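A.B. asks: Okay, handing you the structure first.
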Amino acid sequence: MLAIRTAMLCGLLAGSLLMTSPVTTGAGEFPPAAELPVQPQLPDPLISLGGEAIRTPDQWRSVRRPELIRLFEHYMYGAAPPPPRNLRVKIQHEDPGLFDGRATLRLLELRFGPDQTPPIHLLLAFPNQRPAGKAPVFVGLNFCGNHAVLKHPQIPLPTVWMPGHCPGCKENRATEEGRGKDQDVWAIDQSIARGYAVATVYAGDIDPDQPDFTDGVHPHFLAKGQTQPGPHEWGTVAAWAWGVQRAVDYLVTAPELDPKRIAVVGHSRLGKTALLAGAFDERIALVIPHQAGCGGTAPSRHKVGETVKQINDRFPHWFCDEFTKFNDQVERLPFDQHSLVALCAPRPVLFTNAVEDSWADPEGQYNVLAAASPVYRLLGVDGLAEGAYPPPGRLVKSRLGYWLREGKHSMNREDWKTFLDFADAWLK
């Protein structure tokens, strides 16, 4: 039965892949970093690189949006390969008795690309009672393995490299001691109780978070003779976002899920990933990057928290090589992170932060949302609600939403309650 279902899913996937055709960039398409004009303020997202004013929704969709995608690929994240057309899905285990029968756990293996490309292991939990027939779903990457987000004996341990700080991790490998230790980080039971499904993948399945490109998906998509991506090709954040999109390739086919109500979520570096995945993939209906900071939701042109130079020095693999040329001249970037939010328009986006997480520049992130709002208004919807910077605990539920809580850099059950409240406002 599983083999039959797998074959059917692969047939459905062939059509869904057409929805994420990439925009590629050539090395000579844009000027070198040193020749770009200095712009101390956030660049106007409605002015093209050549100075053309974008005045209509059609101009945005046909001119500026594709240009911004190419600019982000060329100067910051790097261009990812086209979506693979040979995605193969295998259901490894299914348990309809999750949470005392309130949900079903489905464990899947996704294979794609050249033969030796490592598979992605997708954990999906969905409510058994679905009044609307199909459930909305949150999708995102986790830091420490699927086995950590739920204490279930059938969830396999990752066999690839893992950060040493993960619970139960020994010599950079997962062990049984970590099983279920991040349950409160993902709070899947809470989403199930509210009628939502949750899908997650260990980020290391796509690319282990190490400063090289010897493992994960990268080596299998290099051109002949290459040993690492070129200066304008995908770094690790782009690879992670590409991996999220491969999970979406499956989710849009799952009969229990609503393909028009997919929300992407991620914390910290995986929040950067969530925003990039949502900006580039319009199948994603709602975007929640949590405490994503520099390189994600915070402005590069800021004076608070982490800087472009600091993030490139500490994590040289996250972005493409070209991005390092802006370490000491961020004012030459032809965009800022508000332009990445604008690529999500008119879809809802929620930025969430913590008071003590000044490294992520919470107030600068609020300004990013405000600067993206003109694109939303051009497309006929509201952006960030007018008003002063909100106090901790007050959720701004406008289409471009914002929330600040007390506490530090982390993701917890309180955060998930806010994610769900925002999703209720926009996905139900």
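The values are calculated or read from the model by the stated rules, or taken from the named source; none is laboratory data. Owing to the predicted nature of the structure, the values given are computational and were not obtained by experimental measurement. We place every Cβ from the backbone using ideal geometry, glycine too, and count neighbours over all the protein chains shown. Accessible surface areas use protein heavy atoms only, side chains included; no ligands, DNA or RNA. Shrake-Rupley method; radii C 1.70, N 1.55, O 1.52, S 1.80 Å.
A.B. asks: Compute, for segment 179-222, the length of the dipole vector about the Cα centre, with Cβ point charges of +1 (Lys, Arg) and -1 (Asp, Glu) only. Units Debye, rounded to 20. Working shown, then result.
C.D. replies: Numbers: 3 positive and 8 negative charges, 58 e Å.
That gives segment 179-222 a dipole magnitude of about 280 debye.
A.B. asks: Which trypsin sites (Lys or Arg not before Pro) does segment 72-127 hold that lie in a coil by DSSP with at most 15 other beta carbons within 10 Å?
C.D. replies: Values: sites: 85, 88, 90, 102, 106, 111; in loops: 85, 102.
Sites meeting the loop and neighbour criteria: 85, 102.
A.B. asks: Pick out, in residue order, every one of the trypsin sites (Lys or Arg not before Pro) in segment 250-332 that is DSSP loop and has at most 12 other C-beta atoms within 10 Å; say none if there are none.
C.D. replies: Details: sites: 260, 261, 269, 272, 283, 301, 303, 309, 314, 325, 332; in loops: 283, 301, 303.
For trypsin sites (Lys or Arg not before Pro) across segment 250-332 that sit outside H, G, I, E and B with at most 12 neighbouring Cβ atoms in 10 Å, the list reads 303.
A.B. asks: With every protein chain left in place, what is the accessible area of residue 382 in Å² (1.4 Å probe, nearest 10)?
C.D. replies: Surface open to solvent at residue 382 totals about 120 Å².
A.B. asks: Below 15 angstrom from the Cβ of residue 66, what's the summed charge of the other residues (Lys, Arg +1; Asp, Glu -1)?
C.D. replies: Details: positive: 61, 64, 65, 70; negative: 29, 52, 58, 67, 73, 281, 282.
Around residue 66, the charge tally is -3.
A.B. asks: Ignoring everything except DSSP H segments at least 4 long, calculate the 222 nm mean residue ellipticity for the chain; use -39,500 (n - 2.57) per segment, divide by total residues, nearest 500.
C.D. replies: Numbers: 13 runs with 118 residues, N = 428.
Value at 222 nm, helices only, nearest 500: -8000 deg cm²/dmol.
A.B. asks: Amide H of residue 355: which non-local residues (sequence gap of 5 or more, or other chain) have their own amide H closer than 5 Å, using H built in the peptide plane?
C.D. replies: Correct list: 405, 406, 407.
A.B. asks: Ok, one more. Once phi is turned into ³J(HN,Hα) by the Karplus curve 6.51 cos²θ - 1.76 cosθ + 1.60 with θ = phi - 60°, what whole-Hz value does each residue of segment 217-222 show in order, with x for glycine and proline?
C.D. replies: So the Karplus estimates, Gly and Pro as x, are 7, 3, x, 8, 10, 7 Hz.
A.B. asks: Would you pull out the residues with amide H under 5 Å of residue 92's amide H, same chain only if 5 or more places away, H placed 1.01 Å from N?
C.D. replies: Here 107, 108, 109 satisfy the definition.
A.B. asks: Per q in 0.10, 0.12 Å⁻¹, report the Debye log10 I(q)/I(0) for the chain, using one uniform scatterer on each alpha carbon and no solvent.
C.D. replies: Scattering profile of the chain, log10 relative to I(0): -0.65, -0.96.
A.B. asks: Through the Karplus equation 6.51 cos²θ - 1.76 cosθ + 1.60, θ set to phi - 60°, convert the phi angles of segment 233-240 into ³J(HN,Hα) values in whole Hz; use x for Gly and Pro.
C.D. replies: Residue by residue, segment 233-240 yields 9, 4, x, 5, 4, 5, 5, 4 Hz.
A.B. asks: Can you tell me how segment 129-185 classifies by the Cα gyration tensor, rounded, prolate or oblate, using a/c under 1.5 as the rounded cut?
C.D. replies: Details: a/c = 2.83, a/b = 2.36, b/c = 1.20.
It comes out prolate by the Cα gyration axes.
A.B. asks: Please tell me the relative contact order of segment 379-428 in percent, rounded to the nearest whole number, where contacts are Cα pairs under 8 Å and at least six residues apart.
C.D. replies: On the way: 40 pairs, mean separation 13.8, N = 50.
RCO, segment 379-428: 28 percent.
A.B. asks: Hey, another quick one. Which of rounded, prolate, oblate describes segment 279-375, given a ≥ b ≥ c as roots of the alpha-carbon gyration tensor eigenvalues and a/c under 1.5 marking rounded, otherwise prolate only if a/b is larger than b/c?
C.D. replies: Numbers: a/c = 1.68, a/b = 1.34, b/c = 1.25.
Judged from the Cα gyration tensor, segment 279-375 comes out prolate (a/c at least 1.5, a/b above b/c).
A.B. asks: Separate question: Relative contact order, percent, of the chain when contacts are C-alpha pairs under 8 Å separated by at least 6 residues? Before the final figure, lay out each step's value.
C.D. replies: Details: 937 pairs, mean separation 72.5, N = 428.
Dividing the mean separation by the residue count of the chain yields 17 percent.
A.B. asks: Relative contact order, percent, of segment 170-230 when contacts are C-alpha pairs under 8 Å separated by at least 6 residues?
C.D. replies: Numbers: 25 pairs, mean separation 9.4, N = 61.
Relative contact order here is 15 percent.
A.B. asks: First compute the accessible area of segment 108-198 with a 1.4 Å probe, then give the percent of it belonging to carbon and sulfur atoms.
C.D. replies: On the way: 1860 of 3750 Å².
That fraction is 50 percent.
A.B. asks: Something else: Once phi is turned into θ = phi - 60°, what whole-Hz ³J(HN,Hα) does the Karplus curve with 6.51, -1.76 and 1.60 give for every residue of segment 405-416, x standing for Gly and Pro?
C.D. replies: My calculation for segment 405-416 gives 10, 5, x, 10, 6, 5, 10, 8, 5, 4, 4, 5 Hz in order.
A.B. asks: Let a ≥ b ≥ c be the square roots of the eigenvalues of the Cα gyration tensor of segment 331-380; is it rounded (a/c under 1.5), or, if not, prolate (a/b larger than b/c) or oblate?
C.D. replies: Numbers: a/c = 2.72, a/b = 1.45, b/c = 1.88.
It is oblate, given that a/c is not under 1.5 and a/b is not larger than b/c.
A.B. asks: Then there is this: Checking the table 90/272; 272/408; 170/309; 303/325 against a 21 Å threshold on Cα-Cα, which pairs fail? Don't skip to the answer; put the middle values down first.
C.D. replies: Details: 90/272 29 Å; 272/408 18 Å; 170/309 32 Å; 303/325 19 Å.
Among 90/272; 272/408; 170/309; 303/325, the Cα-Cα distance tops 21 Å for 90/272; 170/309.
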